Amino acid sequence: MSDCIFCKILDGDIPSNRVYEDEHCIAFHDVQPAAPVHLLVIPRKHISSLDALTPQDQELMGHIMTRIPEIARNQGLEQGYRTVINTGEQGGQTVFHIHFHILGGRQMTGL
Ligand code: DGP
């Protein structure tokens, strides 16, 4: 998607601080961190949001979910972390390329 910020990050057209990558996904630091450690994990495939998932994406989503603990551990989040997926405007989604937030490095409160 030519106008997608995260596709541009994937292509290297927008710089990012990558901490993980494989053939299906990458993880990088969020530019507006809401916690001492705030990472975003995104699939290489452009999928706009949870709402746009199809059955064909099941394996890809499972792959990302099973990589998250390893990514979090490698960033020192052995004490725990929060994962968030915002969906749609009212869900607080601002970038329409599906992404998993990983937040940690402090006590998470509320929801
Ligand atoms: P959300 O609100 O759930 O759609 O989260 C989008 C996140 O993406 C938000 O926390 C800020 C982050 N973000 C937006 N633009 C960039 C960027 O160019 N680089 C990085 N690293 N993060 C970005």
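The values are calculated or read from the model by the stated rules, or taken from the named source; none is laboratory data. Computed from a predicted structure; not experimentally measured. As a convention, Cβ positions derive from the backbone with ideal geometry for all residues, glycine included, and neighbour counts pool all protein chains shown. In case anyone asks, the SASA skips ligands and DNA or RNA and just uses the protein heavy atoms, side chains included. Shrake-Rupley method; radii C 1.70, N 1.55, O 1.52, S 1.80 Å.
Tell me, which longest segment in the chain has none of the GluC sites (Glu not before Pro) that fall in DSSP loops with at most 15 further Cβ atoms within 10 Å?
Values: sites that count: Glu23, Glu78, Glu89.
In the chain, the maximal stretch lacking such sites is 24-77.
Find which of Thr54, Gly76, His101 sits farthest along the positive direction of the dipole of the chain, computed with +1 on the beta-carbon of Lys and Arg, -1 on that of Asp and Glu, about the Cα centre.
The listed residue farthest towards the positive side: Gly76.
Looking only at segment 61-91, which residues have a backbone nitrogen under 18 Å from a spot 7 Å from the Cα of Cys4 in the C-beta direction?
The answer is 61-65, 85-89, whose backbone nitrogens lie closer than 18 Å to the label point.
With r defined as the distance between the Cβ atoms of Val31 and Thr66 and R0 fixed at 25 Å, what FRET efficiency is calculated, to the nearest 0.05?
Working: r = 26 Å, r/R0 = 1.03.
Approximately 0.45, to the nearest 0.05.
Taking the Cβ of Glu23 as the center, what net charge do the other residues with Cβ under 13 Å away carry, scoring Lys and Arg +1 and Asp and Glu -1? Present the calculation step by step, with values, prior to reporting the outcome.
Numbers: positive: Arg44, Lys45, Arg67; negative: Glu21, Asp22, Glu59.
Surrounding charge for Glu23 is 0.
For a test of the definition: using alpha carbon positions, the gyration tensor, and the 1.5 limit on a/c, classify segment 46-110 as rounded, prolate or oblate.
Details: a/c = 2.89, a/b = 1.40, b/c = 2.05.
Since a/c reaches 1.5 but b/c is at least a/b, the shape of segment 46-110 is classed as oblate.
Unpartnered cysteines of the chain (Cβ-Cβ under 4.7 Å counts as a partner)?
Unpaired cysteines in the chain: Cys25.
If you line up the Cα atoms of the chain on their principal axes, what length do they span on each, largest first, in Å?
36, 29, 27
Which chymotrypsin sites (Phe, Trp or Tyr not before Pro) from segment 35-111 combine a DSSP loop assignment with at most 15 other Cβ atoms within 10 Å? Working shown, then result.
On the way: sites: Tyr81, Phe96, Phe100; in loops: Tyr81, Phe96.
Passing sites in segment 35-111 do not exist.
So what's the angle, to the nearest 10 degrees on a 0 to 90 scale, between helix 58-74 and the longest Cα principal axis of the chain?
That works out to roughly 30 degrees.
Please compute the per residue accessible area over the chain with all protein chains in place, 1.4 Å probe, rounded to a whole number of Å².
60 Å²
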